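A short worksheet on the structure shown next.
What follows is calculated from the coordinates using simple rules that are stated; it is not laboratory data. All values derive from a computational prediction rather than experimental measurement. Reconstructed Cβ throughout: ideal geometry from the backbone, glycine too, with neighbour counts over all protein chains shown.
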Amino acid sequence: MTDIDEFFNRIKSRYPFFIPLFNDLFRDLDGFDEIFEDFEHEMNTDLAKMINKIESENQDRSEPFIYGYSINIDENGKAEINEFGNIKADSDENLEVTESREPLIDLIDGKNSIAVVIEIPGVEKSDIKIEIKESKLVVSTTSSKNYYKEIPLESKIISNSARAKYNNGILEIIINKDNNDDDEGKHIVAIE
């Protein structure tokens, strides 16, 4: 029995009213178990390689290793896996720990606007910098918790319409869409 099976068995025993939900979910996601078993195996192998490399090079590692992912399924049923944290793979599939963390993001492409929700806990509002450069949203911080993320924006936007709010570690940015081609360049977004 895999760790995933054990997890779902615990949930099913504690919350039996979820059983129909889980049964429907996994009936619709054929091959889901195999995908996660492969992912778990690869992640454990990569993590062991990274730790061995750090130990063999006598690197001082006082910051924690942070890695996570979220899975979004679009309207066509295609799964998109978004990774976050401070562990990155280079072009040769070697893992390295970066100085900055990549935050967890959720991008909601609405009819008239794009909403971007970013988790960046542990920083002050004054430490957050938000820029819109052509078709990218760039979010970074200048505190002891160093976050950095470039988010490509596929829709045409009105960059000076951007507004942002930060509360309890959650940064929400809303940018209006535009069908005109005349709003290119760079724009700094103030946080309300």
| remark: Fewest-first ordering of LEU137, LEU153 by Cβ atoms within 10 Å yields LEU153, LEU137
| query | Cross-link partners among lysines for LYS145, C-alpha distance below 26 Å, same-chain residues fewer than 8 apart left out? | reply | LYS49, LYS53, LYS88, LYS125, LYS129, LYS133, LYS136, LYS165, LYS186
| Simple label model, 7 Å out from Cα along Cβ direction - ASN9 to ILE191, nm | 4.5 nm
| How much length is gained if the chain between SER135 and SER100 is pulled fully straight, taking 0.36 nm per residue apart and subtracting their Cα-Cα distance, in nm to one decimal? | 10.4 nm
| note | Computed from every Cα-Cα pair in the stretch 103-192, P(r) in 10 Å bins starting at 0 and rounded to whole percents is 18, 55, 24, 4
